[in-house]
1. Please state which one of Ser138, Ser110 is hydroxyl-bearing (Ser, Thr, Tyr) and closer than 29 Å to Phe42 by Cα.
2. Those residues that are surrounded by fewer than 15 Cβ atoms within 10 Å (Cβ to Cβ) and part of a strand (DSSP E or B), I need them from region 131-144; list them, please.
3. Answer with yes or no whether Arg128 is exposed (fewer than 12 other Cβ atoms within 10 Å of the Cβ), closer than 30 Å to Phe13 by Cβ, of a type in the set (Lys, Arg) and modelled with pLDDT under 90.
4. Where the second residue is modelled with pLDDT of 90 or more and of a type in the set (Val, Ile, Thr) and the first is in a loop (DSSP other than H, G, I, E, B) and lies in region 97-108, which pairs have Cβ atoms under 8 Å and are six or more apart or on separate chains?
5. Test Arg71 against the stated conditions and say whether it is in contact with a helix residue (DSSP H, G or I) (Cβ under 6 Å, 6 or more places away or on another chain), basic (Lys, Arg) and modelled with pLDDT of 90 or more.
6. Take Ala114 and decide whether it is part of a strand (DSSP E or B), under 30 Å from Val142 (Cα atoms), over 23 Å from the mean Cα position of the chain (by Cα) and not acidic (Asp, Glu).
Amino acid sequence: MWYLLKTKPRQEFRAKEHLENQSFETYLPILTRKDKRVEPLFPGYVFIAATADQGAVGAVRSTRGVIGFVRFGAEIATASQDLISGIQDLEHRFQGLSRFHRGQEVMCKSGPFAGLKAIYQAETGEERCVVLLNLLNSPRPVQLKASDLQAV
């Protein structure tokens, strides 16, 4: 049985390390971006495989980086092995993938072209990409921030 822990802000990796030092089995789903940055898939949470006996609860709660168990009322939240396996499959499937694919229709949600539709072409760096915008009745390549786009 897996349990869900709430961590202190941006201390998921610290909590995982300290829990493993106490011989707990942990699972921290991560996302590796194309720019090689690694970040938690679920910020603020770590899964732990343990028994929910009183001794384990106390040891976990006093671990660096951990706030405590996620609870529903007095009951500690649990996750099945099937759920964990499903998350692991998704985690491996989406590592390093772009948010958009070539030829996808996107909408500029902010910036100078807000409200205009475009066709996604390619990434050009960490935060920028090329889209085709219809300007003056002709498609023109324009470089924009990827964060200014949303899928249509």
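1. None of the other options fit; the residue is Ser110.
2. Of everything in region 131-144, those that are surrounded by fewer than 15 Cβ atoms within 10 Å (Cβ to Cβ) and part of a strand (DSSP E or B) turn out to be Asn134, Leu135, Ser138, Pro139, Arg140, Pro141, Gln143.
3. no
4. The qualifying pairs are Phe100/Val106; Gly103/Ile119; Gln104/Ile119.
5. no
6. Taking the combined requirement at face value, the residue does not satisfy it.
The values are calculated or read from the model by the stated rules, or taken from the named source; none is laboratory data. Here the structure is a predicted model, which is why all the values come from computation and not from measurement. Quick reminder, even Gly has a Cβ in these numbers, built from the backbone with ideal geometry, and neighbours come from all protein chains shown.
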